[in-house]
Amino acid sequence: MVATPETRVEAEVGHDSRWFRALLGLLGGVPTVGLAVPLSTALCLPLIPVMPITPLPGSVKRAIVLAVLGVTAMMASAVVHGSSLNLGSIGAFLVIALGVLGIAKSTDSTAKTAQVLAWLCAATIVYWLIVGVREPTFAAQWKYGGAFPVTALVVYLVAARRGRTRLAILLLVGFAVLSLALGSRGFGVVCLTAAIAQYAHGRYRGSVRDHAKVLAAAALAAGVALGLPTLMEQGHLGRDLQERALQQTEGGAPLLLGGRTEPPLSLIAVAENPIAGWGHPNRLDLPTIAAGKQLATDLGITTYMPFWMDNGQITLHSVLFEAWVSGGVLAAALPLFLIGLFALAVLRGRGRFYPLVALVSVYGIWDVLFSPWAGNRSMRLAVSTVLAAWALVEERRTTQTPPD
């Protein structure tokens, strides 16, 4: 029997690769240090010297290099500025590097990577139900714990059955409506965007039907962008959501910035020290914070300090901006790369797992821009990175012109 790369991997890890991927996903929902370092990180360490099933995609290699570069930049910036290390971002970058490496070495397709994500979501749901989010209402539990893993797991189960594209679209729209009704506007927009991407999905050949499809998708996207704020403010999506939307936009702020008030402070901090960063967000000085306040006021944001400060610590509530402020432009390279990778996966991905690729990619962009390092976000971004990378590899394979 001739040894293939996959059998070599299975022999070295001591497991059938399918069960190893299941274990990798399940341990991704088990925390060790708070929630930031899942047990799957330890499982990825022995895979460093192991041969991959197939050559790693270039985007996977770049993600690992940029993660290590980001850690180095944040540590160097902290030393230069005499500040404490931003251990949250540094640890998350290391988890992403190890997670991407381990997952990519044990997979060779979107189907196999989707298995890891499905097990990760299942473990996250169990953790969420037993010891996770402690919120007084189901709406809060859904928003802070259950929305993504439940949706992604259901979409995976549907995508695993060929020819269920329309059902995937309906489910994404249904989860969007549910999320909006429960006050989770961000995830509702993510689901709607993924549904629109799935609707417009497919190779564009310039036919009348393709033109109509693209125009319909563009019209739907514009309708969501323009109509959703109006529906919220008029109370068509629930009284609680109406009150929150009106409160957040009472000063004339755009609805997105009204709900996410940290970008003005982040933008000012980056603009004042874009190359080397500050070493740590807590080093932002009073003039910088004052300039952030002025920008927030100019944008119509009236309530921001409770969101900028958490128990005396400055919070930027953004993977991208926290890294940029902590380590400068080199630390921001990984988040910016992930945004580009996820956007390409949405535009160019194909195949039966495309609904899942679209969902995790759109949500990945949202996470990088507007979410902090919380929960098992670092491992989830690692799985999403590998899934997007294999989606692009498969797209190139299917469109490659065979030699004459």
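The values are calculated or read from the model by the stated rules, or taken from the named source; none is laboratory data. What you see is a predicted model; the values in this text were computed from it and never measured. Here the Cβ positions follow ideal geometry from the backbone for every residue, glycine too, while neighbour counts run over all protein chains shown. Only protein heavy atoms, including side chains, enter the accessible area calculation; ligands, DNA and RNA are left aside. Shrake-Rupley method; radii C 1.70, N 1.55, O 1.52, S 1.80 Å.
Observations on the model:
- Filter result for residue 119 (modelled with pLDDT under 90 and of a type in the set (Phe, Trp, Tyr)): no
- Criterion (free of Cβ contacts under 8 Å to residues at least 40 places away in the same chain and open to solvent by 50 Å² or more (accessible area, probe 1.4 Å)) met by exactly one of 396, 352: 396
- Just one residue in the set 362, 386 is in a helix (DSSP H, G or I) and farther than 14 Å from residue 197 by Cβ; that residue is 386.
- Enumeration of residues in the stretch 87-143 that are surrounded by fewer than 24 Cβ atoms within 10 Å (Cβ to Cβ), in a helix (DSSP H, G or I) and polar (S, T, N, Q): 115, 141
- Selection of first residues in the stretch 323-337 that are in contact (Cβ under 8 Å) with a residue 60 or more places away in the chain and of second residues that are among the hydroxyl-bearing types (Ser, Thr, Tyr), restricted to Cβ pairs under 6 Å at least 6 apart or on distinct chains, gives the following pairs, ordered by first then second residue: 323/89; 326/89; 327/77; 328/77.
- Residue 156 vs. criteria of a type in the set (Phe, Trp, Tyr), modelled with pLDDT of 90 or more and within 23 Å of residue 345 (Cα to Cα): yes
- Whenever a residue of the stretch 151-162 is within 17 Å of residue 125 (Cβ to Cβ), its partners that are of a type in the set (Val, Ile, Thr), lying with C-beta atoms within less than 8 angstrom and at least six residues away or across chains, give the pairs 152/360; 153/125.
- Annotation: of all residues in the stretch 280-294 being open to solvent by less than 50 Å² (accessible area, probe 1.4 Å) and of a type in the set (A, V, I, L, M, F, W, C), the one that is farthest from residue 268 (Cα to Cα) is 284.
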